[in-house]
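So the structure is just underneath, and the comments pick up after that.
The values are calculated or read from the model by the stated rules, or taken from the named source; none is laboratory data. Note that the coordinates shown come from a computational prediction; the quantities given were computed from them, not determined experimentally. Ideal geometry is used to build each Cβ from the backbone, glycine not excepted, and the neighbour counts take in all protein chains shown. Surface areas here come from the heavy atoms of the whole protein model, side chains and all, with no ligands, DNA or RNA. Shrake-Rupley method; radii C 1.70, N 1.55, O 1.52, S 1.80 Å.
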Amino acid sequence: MLFENLSSKLQETFRRLRGKGKLTEKDVNTALREVRLALLEADVNFKVVKDFVATVKERCLGSEVLESLTPGQMVIKIVNEELTKLMGESVAKLKPADKPPTIIMLVGLQGSGKTTTVAKLANHLKKANHSPLLVAADVYRPAAIKQLQVLGEQLKLPVFQMGQQNPVQIARAAVEQAKKNHNDYVLVDTAGRLHVDEELMDELVQMEEALQPQEILLVVDAMTGQDAVTVAESFKNRLGLTGIVLTKLDGDTRGGAALSVRAVTGCPIKFVGLGEKTDAFEPFYPDRMASRILGMGDVLTLIEKAQATFDEKKAKELEKKMRTQQFTLEDFLEQLQQLKQMGPLQQLLEMLPGMGGMGKKLKGMQVDEKEFVKVEAIIQSMTKEERHNPSIINSSRRRRIAAGSGTKVQDVNNLLKQFNLMNKMMKQLTKMEKGRFKGRGRFPFM
Amino acid sequence: MSLFGRIKEGLKKTRNIIMNRMEELFTRQNFDEDFFAELEEILIAADVGIETTLELVEKLRDKIREEKLKAPEQVLAALKSLILDILGRDPVPLQLEHKPTVILVLGVNGVGKTTTIGKLAARFTAEGKKVLLAAGDTFRAAAIEQLEIWAQRSHSDIIKHQQGADPSAVIFDGVAAAAARGADVLLCDTAGRLHNKANLMAELKKVYRVVDKALPGAPHEVLLVLDATTGQNSLAQAKVFNEAAPLTGVVLTKLDGTAKGGIVIAVARQLKIPVKFVGVGEGIDDLQPFDPVAYVESIFTTKEQ
Ligand SMILES: Nc1nc2c(ncn2[C@@H]2O[C@H](COP(=O)(O)OP(=O)(O)OP(=O)(O)O)[C@@H](O)[C@H]2O)c(=O)[nH]1
Ligand SMILES: [Mg+2]
């Protein structure tokens with residue numbers, strides 16, 4: 001399959017880069033082609049992708065990469081840095097009014113999650129000891145007012161509504177009431193609308209003029225595709241947008257829309273929605289999002305995890321063994337067992353930089369935990385001698401090992417083949433990485 | 001220029017570029033790498049997705065070679081035809097011969113399930129059918145009230161329980177009532193759910209089982225609602241929902257915007273699930289049977305803003 005796993009695909013590319021001393025322009029192009037595909041697959045708008053890749057390329061072709069010791073790592077770093085830069089570099093806060101109430105309008109397409117977001121934001125403010133007033137200005141969608149009322153009741157917060165009247169008048173009246181009742185925030189839930197609906201877009205413009213809100217937040221569904229740019233651009237052109245709320249991030253989308261929207265509006269993403277409940281709401285962390293879109297977050301997590309789990313001394317020994325090619329099946333077993341302590345094997349192997357590529361070649365071992373159990377059983381059925389010197393394992397020994405481990409001779413053959421292949425790859429790696437092996441020797445398969 | 005500036009500048013022109021590009025693209029005489037690269041971009045911009053796009057363009061290259069296509073119109077026609085090979089050329093109607101016909105409507109949050117039910121109900125009652133709605137979204141605030149309003153608008157009846165009730169129980173009652181009252185069609189609303197929530201998908205499986213138990217052979221239609229604005233995630237949605245409750249069709253909503261919803265091509269290609277209806281607005285009449293030929297046409301034309 002072409003794009004079964006973005007993360008491993010990318011890592012495969014980076015591994016290729018890592019293997020070489022110096023980067024040629026062709027190398028960079030190859031890598032960035034993969035980055036481009038990954039971003040497109042993550043729903044980042046194609047135009048944004050183009051510009052992004054161009055920027056990264058400019059930086060990559062600079063001397064810092066070409067002369068750096070680990071070019072692959074440098075590319076990862078640059079891609080990640082540029083992505084984070086584009087996402088906004090720090091957490092963006094709401095801007096309060098000089099004199100309360102602070103007025104916040106929530107706008108966006110139908111079904112993007114505005115009403116739920118109003119409730120979540122209200123809950124968020126309430127917890128910070130504010131007293132928000134919720135305003136039901138979606139007079140079009142059936143039962144939208146009722147929905148906000150129910151949510152307000154759940155949160156024990158007041159909801160202002162005037163039925164199906166003019167939304168601008170509703171909002172104006174709401175602000176008056178907030179002043180009277182000393183609500184320091186006014187959150188206006190507006191009806192979902194298409195960015196091409198002139199009449200309804202005009203309505204928002206009028207509302208902005210009437211309320212002079214401190215914040216106009218565009219609510220965007222994280223699953224949005226290529227059209228996110230058109231939508232965001234249209235809203236931005238008509239209204240003084242101050243920020244973005246990204247909803248439904250509890251789904252499994254990569255969320256490339258975040259990048260697209262950010263790029264066209266220049267507005268910070270201020271909050272994310274992570275579920276249907278009113279407390280599933282968080283400030284937006286740009287670096288996390290960058291990793292999510294790119295599929296590199298796992299790598300960072302892995303590095304932390306691996307460092308915590310792997311025994312330093314053993315790692316050093318292993319490093320030496322690998323370099324001198326005395327890595328035995330015994331060591332292999334031990335490594336697999338250490339890996340197992342770190343969590344689900346499949347996930348882990350995918351997270352390992354470079355495993356994207358090796359994983360394919362070591363297919364049998366990458367499949368699943370069951371496969372891992374099998375490998376473990378096979379090695380455990382070998383004599384010490386066999387583990388240290390697999391070349392003595394002839395066909396009668398293979399039959400014995402298979403019988404002892406409850407597997408088929410075929411399985412034993414596969415394992416030995418894969419082990420040989422791995423050793424060969426290590427030899428190659430060692431050659432390529434001469435002198436630079438330190439520090440990464442911790443990962444047995446790199 | 002800063003990256004921001006560059007992107008903003010570029011996007012201003014994107015819309016026009018796409019339109020001009022289509023014209024320009026198909027008036028040129030030689031089909032070089034740029035030609036194919038730009039073609040790829042048009043498909044990707046329509047959310048067709050990389051995998052499907054690359055496959056389509058690859059096939060198009062073969063076709064150009066094999067059939068020695070020279071004229072730009074021929075090439076465009078060939079590409080459209082390749083897409084229609086995937087989507088099918090004829091509209092696929094709903095199966096309505098059972099009495100009552102039970103239709104289950106599924107999808108992630110906010111895609112337009114309830115609205116689609118309202119529109120479908122109105123269609124059926126206009127044909128003189130007796131229609132019943134089951135308020136299976138017992139989770140979202142005011143979801144039942146929303147469906148009630150659509151029941152009034154479409155002149156259909158509604159079966160409902162309290163908010164928080166077991167959706168299977170509501171839908172079971174719906175099936176029983178539909179049979180008892182001699183209804184022609186039962187439309188079951190369900191709560192929006194993200195497909196990666198195992199517990200909610202399990203709930204859906206239960207609904208499916210319960211319907212089958214209440215009326216063997218039902219549900220007769222299981223429609224997945226996909227939002228045209230959604231990108232590649234729609235494919236994941238279709239896969240997982242299809243596993244929980246075998247889908248018989250897709251309804252593609254919000255085509256009245258500027259998004260094309262091209263991911264339905266990938267859905268048809270991988271899962272062989274036909275698109276049956278499209279939503280083109282919030283009004284009760286804004287639902288049309290899916291016409292593959294017209295749809296493919298729309299991918300290659302840009303709507304004026
Ligand atoms: N423009 C447009 N809006 C639509 C269309 N279909 C539905 N909507 C709007 O999308 C919003 C969400 O629709 P609902 O029918 O409530 O969606 P749902 O899937 O039932 O949502 P949940 O039950 O909350 O998951 C509403 O504002 C609808 O009016 C369509 O075809 N075009
Ligand atoms: Mg609904």
Exercise for review: Name every residue in the range B:145-177 that is closer than 21 Å to residue B:208 by Cβ, part of a helix (DSSP H, G or I) and β-branched (Val, Ile, Thr), in order of residue number.
Suggested key: B:170, B:171, B:175
Review point. Based on what the data block shows, is residue B:141 more than 11 Å from ligand 1 (Cβ to nearest atom), free of Cβ contacts under 8 Å to residues at least 60 places away in the same chain and within 14 Å of chain A (Cβ to nearest Cβ)?
Key: no
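Give the residues of the range A:98-115 that are more than 15 Å from residue A:211 (Cα to Cα) and either assigned to a strand (DSSP E or B) or open to solvent by 40 Å² or more (accessible area, probe 1.4 Å) (or both), sorted by residue number. Talk me through it step by step, then tell me what you get.
Quick first cut of the range A:98-115, residues more than 15 Å from residue A:211 (Cα to Cα) only: A:108-115.
Hit for the range A:98-115 is A:108, nothing else.
Tell me, please, whether a residue that is within 16 Å of ligand 1 (Cβ to nearest atom) and within 14 Å of chain A (Cβ to nearest Cβ) can be found in the range B:89-108.
Step one: list which residues in the range B:89-108 are within 16 Å of ligand 1 (Cβ to nearest atom), which gives B:103-108.
Restricting the remaining residues to those that are within 14 Å of chain A (Cβ to nearest Cβ) gives B:107-108.
Yes: one or more hits.
Listed here are the residues, each with its yes/no results for (1) in contact with a helix residue (DSSP H, G or I) (Cβ under 8 Å, 6 or more places away or on another chain); (2) aromatic (Phe, Trp, Tyr); (3) more than 16 Å from ligand 2 (Cβ to nearest atom); (4) within 24 Å of residue B:193 (Cβ to Cβ).
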| residue | (1), (2), (3), (4) |
| --- | --- |
| B:254 | no, no, no, yes |
| B:273 | yes, no, yes, yes |
| B:278 | yes, no, yes, yes |
| B:293 | yes, no, yes, no |
Revision key, fill the gap. If we keep only residues of the range B:109-135 that are under 17 Å from the mean Cα position of the chain (by Cα) and assigned to a helix (DSSP H, G or I), then the residue farthest from the other protein chains (Cβ to nearest Cβ) is B:120
Review point. If you go through the range B:119-137, how many residues are more than 10 Å from ligand 2 (Cβ to nearest atom), open to solvent by less than 10 Å² (accessible area, probe 1.4 Å) and over 14 Å from residue B:94 (Cβ atoms)?
Key: 3
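Please determine whether any residue of the range B:157-173 is away from ligand 2 (no atom under 16 Å from the Cβ), within 14 Å of chain A (Cβ to nearest Cβ) and surrounded by fewer than 24 Cβ atoms within 10 Å (Cβ to Cβ). It would help to see each step written out before you state the result.
Taking the range B:157-173 and keeping what is away from ligand 2 (no atom under 16 Å from the Cβ), we get B:157, B:162, B:166, B:168-169, B:172-173.
From what's left, within 14 Å of chain A (Cβ to nearest Cβ): B:162.
From what is left, the residues that are surrounded by fewer than 24 Cβ atoms within 10 Å (Cβ to Cβ) are B:162.
Within the range B:157-173, one or more residues are away from ligand 2 (no atom under 16 Å from the Cβ), within 14 Å of chain A (Cβ to nearest Cβ) and surrounded by fewer than 24 Cβ atoms within 10 Å (Cβ to Cβ).
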**Study point:** Single residue of A:156, A:179 found to be open to solvent by 30 Å² or more (accessible area, probe 1.4 Å) and either touching a residue at least 24 places away in the same chain (Cβ under 8 Å) or among the hydroxyl-bearing types (Ser, Thr, Tyr) (or both)
**Key:** A:179
Point to revise | Residue within the range A:130-149 that is assigned to a loop (DSSP other than H, G, I, E, B), of a type in the set (S, T, N, Q), open to solvent by 60 Å² or more (accessible area, probe 1.4 Å) and modelled with pLDDT of 95 or more present | key: no
Exercise for review: Within the range A:150-188, track down each residue that is within 16 Å of ligand 1 (Cβ to nearest atom) and either closer than 20 Å to residue B:147 by Cα or of a type in the set (Phe, Trp, Tyr) (or both).
Suggested key: A:150, A:151, A:164
Check your understanding: Being of a type in the set (A, V, I, L, M) and within 16 Å of ligand 1 (Cβ to nearest atom), is that true of even one residue in the range B:253-262?
Key -> yes
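Per-residue answers, yes or no, for (1) in contact with a Gly (Cβ under 7 Å, 6 or more places away or on another chain); (2) of a type in the set (Ser, Thr, Tyr); (3) at pLDDT below 95; (4) more than 19 Å from residue A:121 (Cβ to Cβ):
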site	(1), (2), (3), (4)
A:183	no, no, no, no
A:189	no, no, no, no
A:207	no, no, no, no
A:210	no, no, no, yes
A:218	yes, no, no, no
A:223	yes, no, no, yes
A:232	no, no, no, yes
A:236	no, no, no, yes
Review point. Any chance the range A:239-253 includes a residue that's at pLDDT below 95 and in contact with a His (Cβ under 8 Å, 6 or more places away or on another chain)?
Key: yes
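Quick check on my filter: what residues within the range B:242-269 are over 12 Å from the mean Cα position of the chain (by Cα), hydrophobic (A, V, I, L, M, F, W, C) and within 14 Å of chain A (Cβ to nearest Cβ)?
Here is the first cut: in the range B:242-269, the ones over 12 Å from the mean Cα position of the chain (by Cα) are B:242-246, B:256-259, B:269.
If we keep only those that are hydrophobic (A, V, I, L, M, F, W, C) as well, we get B:244-245, B:259.
B:259, the sole residue that qualifies.
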Exercise for review: For the range B:220-241, enumerate the residues that are more than 14 Å from chain A (Cβ to nearest Cβ) and open to solvent by 10 Å² or more (accessible area, probe 1.4 Å).
Suggested key: B:220
Study note, to complete from the structure: Within the range B:29-68, of all residues that are surrounded by 12 or more Cβ atoms within 10 Å (Cβ to Cβ) and assigned to a loop (DSSP other than H, G, I, E, B), the one modelled with the lowest pLDDT is B:31
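Give me the residue from the range B:273-288 that is under 12 Å from the mean Cα position of the chain (by Cα) and more than 8 Å from ligand 1 (Cβ to nearest atom) and, out of that set, most open to solvent (accessible area, probe 1.4 Å). Full working, then the answer.
Applying the first criterion (under 12 Å from the mean Cα position of the chain (by Cα)) to the range B:273-288 yields B:273-280, B:287-288.
Now narrow it down to the ones that are more than 8 Å from ligand 1 (Cβ to nearest atom): B:273-277, B:288.
Numbers: B:273: 6, B:274: 36, B:275: 9, B:276: 13, B:277: 18, B:288: 91 Å².
In this case the residue turns out to be B:288.
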Check your understanding: Which of (1) closer than 24 Å to residue B:154 by Cα; (2) surrounded by fewer than 16 Cβ atoms within 10 Å (Cβ to Cβ); (3) hydrophobic (A, V, I, L, M, F, W, C) does residue B:293 not meet, given it meets every other one?
Key -> (1)
Check your understanding: What number of residues in the range A:191-239 are of a type in the set (Lys, Arg) and open to solvent by 20 Å² or more (accessible area, probe 1.4 Å)?
Key -> 2
Review point. Within the range B:69-81, which residues are of a type in the set (A, V, I, L, M) and surrounded by fewer than 18 Cβ atoms within 10 Å (Cβ to Cβ)?
Key: B:69, B:71, B:76, B:77, B:78
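Condition check ((1) in contact with a Pro (Cβ under 8 Å, 6 or more places away or on another chain); (2) open to solvent by less than 50 Å² (accessible area, probe 1.4 Å); (3) free of Cβ contacts under 8 Å to residues at least 40 places away in the same chain) across all residues:
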| site | (1), (2), (3) |
| --- | --- |
| B:151 | no, yes, yes |
| B:155 | no, no, yes |
| B:181 | no, no, no |
| B:188 | yes, yes, no |
| B:192 | no, yes, no |
| B:196 | no, no, no |
| B:205 | no, no, no |
| B:212 | yes, no, yes |
| B:216 | no, no, yes |
Revision key, fill the gap. Turns out the strands (runs of 3 or more DSSP E) fully within the range A:183-283 with at least 3 residues that are in contact with a Lys or Arg (Cβ under 7 Å, 6 or more places away or on another chain) are A:215-221, A:243-247
